[in-house]
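To start, the structure under review is shown below, and the notes come after it.
The values are calculated or read from the model by the stated rules, or taken from the named source; none is laboratory data. What you see is a predicted model, and the numbers here were worked out from it, not measured in a lab. When we count neighbours, we look across all protein chains shown, and the Cβ atoms used for this are built from the backbone with ideal geometry, even at glycine.
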């Protein structure tokens, strides 16, 4: 669910002192977009939001969530936004965040 080598790489890139702030910014921005997602009816806007979420998720190692966003992004780009399982995307994010929070210290030591 979490690609810990990517998380470690990000921590190395931004530095240990800045890492917590980067994580908080990520979570805040993702939460903002996630709140809008269930109301999206326009394919183009849904595609853009899912693209943003996919990239943010990849940056922080949220692999499963990223894959679901990528699939949804492709569907929306093809005009099939109504077929995107928003509930599954939200659930995946919530589960990924819970695992991230629970396992962060043991994986970054």
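Annotations
- Tallying residues that are at pLDDT 95 or above, under 17 Å from residue 97 (Cβ atoms) and assigned to a helix (DSSP H, G or I) within segment 58-85 yields 7.
- In the set 54, 105, only one residue is free of Cβ contacts under 8 Å to residues at least 40 places away in the same chain and either under 9 Å from the mean Cα position of the chain (by Cα) or outside any helix (DSSP H, G or I) (or both); that residue is 54.
- Residue list for segment 20-51, filter: free of Cβ contacts under 8 Å to residues at least 40 places away in the same chain and either surrounded by 17 or more Cβ atoms within 10 Å (Cβ to Cβ) or in contact with a helix residue (DSSP H, G or I) (Cβ under 7 Å, 6 or more places away or on another chain) (or both): 22, 23, 26, 29, 33, 36, 43, 46, 47, 49, 50, 51
- Some residue of segment 66-83 being in contact (Cβ under 8 Å) with a residue 40 or more places away in the chain, in contact with a helix residue (DSSP H, G or I) (Cβ under 8 Å, 6 or more places away or on another chain) and surrounded by fewer than 19 Cβ atoms within 10 Å (Cβ to Cβ): no
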